[in-house]
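A short reminder: the numbers here are calculations on the coordinates, not readings from a lab. Computed from a predicted model, the values in this text were never measured in an experiment. Glycine also receives a Cβ, built like all others from the backbone with ideal geometry; neighbour counts cover every protein chain displayed.
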Amino acid sequence: MGVGVFTPSMPANVLFPEKYQHGLGVIKSLGFEVVEGHITQSGVSEGYRTASPQDRADEFMRLIRNPKVHALVSTIGGNNSSSLIPFLDFDEIRESRKVICGYSDVTSLHLAILKHSGLRTFYGPAVMPSFGEWPTMLDYTKDSFLIATMNSDKAVREIKPPAVWSNHFREAKTDAWKTMARDYKPNPGWAVLRDGDIEGRLVLANLSTLCSNAGTDIFPDLENKILLVETMSGTAATEERLFRHLERMGVFDAISGLIVGKIEDYKTSGEPFSHDELILEIVGSEAKFPIVTGFDCSHTNPMLTLAEDCLISLSARTNTPAQFKVIEPMVAD
């Protein structure tokens with residue numbers, strides 16, 4: 001089974017080639033054949049991006065058309081995945097029915113493919129930050145990815161949080177990513193800010209990328225959806241701005257549940273309230289839907305893999321870790 005690697009934005013494979021090659025090696029060790037996109041393999045770079053939007057989209061579509069490729073995984077995120085959208089063939093993407101996986105800035109591609117192809121994609125690991133973990137991919141991340149993308153069992157499946165988690169940044173510009181032991185913290189489970197029991201379809205997005213797509217044709221229909229958002233880094237000021245943006249758009253009047261992922265790098269600046277309290281301030285203390293925070297589908301490690309538009313149930317009780325279940329398989333036979 002072939003895994004195609006595409007680089008829709010940041011040329012991290014060029015900037016950090018050893019970590020990139022390590023990530024490819026881990027994919028191969030799982031029994032997959034690696035098929036690098038031609039742009040990625042060539043090692044070209046235009047500074048903040050690999051190539052023009054047309055060329056990056058062409059790389060993606062060549063992997064879609066390649067019969068040896070069964071899944072596409074992004075190298076990493078960046079800031080400009082949305083530039084590919086006008087040059088993608090969504091009919092071909094729909095007909096290919098291939099697994100497409102990535103996170104962060106790749107949110108724009110997830111939303112576009114969901115909107116224009118009606119195809120589920122996977123908010124999950126990327127080559128360098130996830131498969132490229134040293135000395136190898138974390139078991140929780142690996143198992144979640146393989147089950148989500150390859151298991152068509154129709155049985156209801158409860159997703160449990162990992163026992164430990166990490167937001168330890170290890171610099172890839174030096175050898176720290178492979179010489180410094182990762183620091184872990186006990187995982188208290190997923191916190192409940194508002195009670196509720198719901199069943200619904202999931203929309204997963206990086207928070208800033210979701211907001212950057214406001215007003216475009218790919219901004220998702222969130223009516224009665226369970227929204228899961230996550231942020232790589234931020235402050236109370238930037239988080240307030242982004243969540244307030246969604247509030248002013250009426251998002252919190254439409255959704256049936258809110259899940260917020262752990263933040264990798266959250267910097268405080270003397271504010272007398274927590275991130276959870278800020279969310280309640282914006283979303284509203286009288287919200288009629290459950291709110292869960294500290295979820296492990298984000299830039300932290302390990303990371304869950306979940307499909308856009310998958311049917312899930314969420315049981316949230318204050319002072320008790322939330323329960324999260326997948327009601328249907330994320331892939332079809």
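Per-structure values
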read-out	value
Relative contact order, percent, segment 42-122 [alpha-carbon distance under 8 Å, six or more residues apart]	29
Selection from Gly196, Thr300, Thr235, by position along the positive dipole direction of segment 157-326 (Cβ)	Thr300
Most to least packed among 250-263, 276-289 [average Cβ atoms within 10 Å]	250-263, 276-289
Cα gyration tensor category, rounded, prolate or oblate, for segment 121-196 with a/c compared to 1.5	oblate
Segment 157-326 - charge dipole about Cα centre, Lys and Arg +1 at Cβ, Asp and Glu -1, debye rounded to 20	500
Sorted peptide list for 123-133, 304-314, 145-155, 173-183, criterion being average Cβ within 10 angstrom, highest first	123-133, 304-314, 145-155, 173-183
Nearest-20 debye value, segment 159-220 charge dipole, Cβ charges on Lys, Arg, Asp, Glu	300
Extension gain, Ser274 back to Asn151 (0.36 nm per residue minus Cα-Cα distance, nm)	40.5 nm
Size of charge dipole - the chain - debye, nearest 20, with Cβ of Lys, Arg +1 and Asp, Glu -1, no other charges	520
Ranked packing of 70-79, 99-108, most packed first, by mean Cβ within 10 Å	99-108, 70-79
